[in-house]
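The values are calculated or read from the model by the stated rules, or taken from the named source; none is laboratory data. Bear in mind that the values here come from a model prediction, so they are computed numbers and not experimental data. We place every Cβ from the backbone using ideal geometry, glycine too, and count neighbours over all the protein chains shown.
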Amino acid sequence: MSFRDQGIEPAEGFSGDGFIVRPLLLSDVVLDHEAVMSSREFLYHWEQDPPYPPEDFSVEDNLGDLEQMIGEHTKGTRYTYTVMNADETQTLGCIYMLGNNDRMYRSAVVSSHDGTDFSSIDATVSFWVRVSTWENGFERSLLAAVLDWLRDEWSFERPAIITNEKLDHQIATIESLGLTRCFDYDRERDMYTSHVYV
C-alpha cells in the first residue's frame with residue numbers, strides 16, 4: 001500500500017534556523033545537481049547504487065531523477081523534500097520517506113534487534129546533507145528538526161531513520177539524538193548493511 005492508500009498525505013515542510021525544508025520541484029534541478037556533485041564521494045556510499053553519481057552526471061540526468069521523485073511524491077508512493085538555505089540560493093541536502101512495504105524492502109533480509117517486527121515501522125526516513133555543512137553541525141540540527149516535524153506534522157505512528165554501516169558520521173549524528181538501532185536490512189545488490197533507528 002502506498003502512503004496515499006493509507007491516508008498519509010505529505011506535510012508542507014517547515015523553516016528552521018537558516019534553512020527551509022519543502023517538497024522538491026523541477027525548478028530545483030540546477031541547485032540540486034550542484035549539491036549532489038559537491039558531495040559525490042559521500043553519496044557513492046550513501047546511495048548504495050554505484051557509481052552514483054557518475055563523474056559525467058549531468059543536469060539533464062539529474063532532471064530525470066527529479067521527475068521520477070516528484071512523480072512518486074505526487075502519487076503518494078514516496079515523499080521527497082529538498083533542504084535549502086533560507087533564501088533558496090543553495091541546496092543543502094535532501095530527505096526521502098518510504099513506506100515499510102516499499103519495493104526497496106521486498107527482497108531484503110530484515111533482522112530485528114529488539115524483537116519487534118519491521119511491519120511496526122510505518123515509514124523510513126533517509127537524508128543527506130552536503131559534506132561542507134558537517135563541520136558546523138548542520139546534519140545534527142537538521143535531523144533534530146526533522147524528528148520534531150515527524151512528531152508534530154505527520155500521522156506516522158512509528159517512523160524510523162535509516163542509514164548504513166559505512167556512514168560513520170551519520171550514524172554518530174543519529175545516535176547523538178538518542179535514537180536506538182532496532183533493525184538491520186540486507187539486499188543482495190547493496191554494498192553495505194542498512195541500519196534502522198527509532
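Give me the pairs: first residue in the stretch 151-173 and free of Cβ contacts under 8 Å to residues at least 40 places away in the same chain and within 22 Å of Gly137 (Cα to Cα), second residue assigned to a loop (DSSP other than H, G, I, E, B) and not hydroxyl-bearing (Ser, Thr, Tyr), beta-carbon distance under 8 Å, and six or more apart or on different chains, which are they?
Ala160/Ile121; Ala160/Val198; Ile161/Leu179; Ile161/Val198; His169/Trp134; Ile171/Glu165
Please name all residue pairs, on different chains or six or more residues apart, with Cβ atoms under 7 Å, provided the first residue is in the stretch 44-63 and is without any contact (Cβ under 8 Å) to a residue 40 or more places away in the chain and the second residue is assigned to a loop (DSSP other than H, G, I, E, B).
Pairs found: Tyr44/Pro50; Tyr44/Pro51; Tyr44/Tyr52.
Do we have any residue at all in the stretch 161-183 that's surrounded by 14 or more Cβ atoms within 10 Å (Cβ to Cβ), out of contact with any Asp or Glu (no Cβ under 9 Å at 6 or more places or on another chain) and of a type in the set (Phe, Trp, Tyr)?
no
Against the definition (of a type in the set (D, E, K, R) and farther than 23 Å from Lys166 by Cβ), how does Asp102 come out, yes or no?
Judged against the criteria, Asp102 is not a match.
Surrounded by fewer than 17 Cβ atoms within 10 Å (Cβ to Cβ) and either under 16 Å from the mean Cα position of the chain (by Cα) or not hydrophobic (A, V, I, L, M, F, W, C) (or both), is that true of Ser155?
Yes; evaluated as a whole, the condition is true for this residue.
Run Asp102 past the list (1) under 25 Å from Lys75 (Cα atoms); (2) in contact with a strand residue (DSSP E or B) (Cβ under 6 Å, 6 or more places away or on another chain) and report the number of the one that doesn't hold.
All conditions pass for Asp102, except number (2).
With (1) within 21 Å of Ser194 (Cα to Cα); (2) without any contact (Cβ under 8 Å) to a residue 60 or more places away in the chain as the list, and Thr133 as the residue in question, which single condition is left unmet?
Of everything listed in (1) within 21 Å of Ser194 (Cα to Cα); (2) without any contact (Cβ under 8 Å) to a residue 60 or more places away in the chain, Thr133 misses just condition (1).
Quick one: which of Met84, Met97, Met104 is within 15 Å of the chain's Cα centre (by Cα), surrounded by 12 or more Cβ atoms within 10 Å (Cβ to Cβ), aliphatic (A, V, I, L, M) and modelled with pLDDT under 95?
Met104
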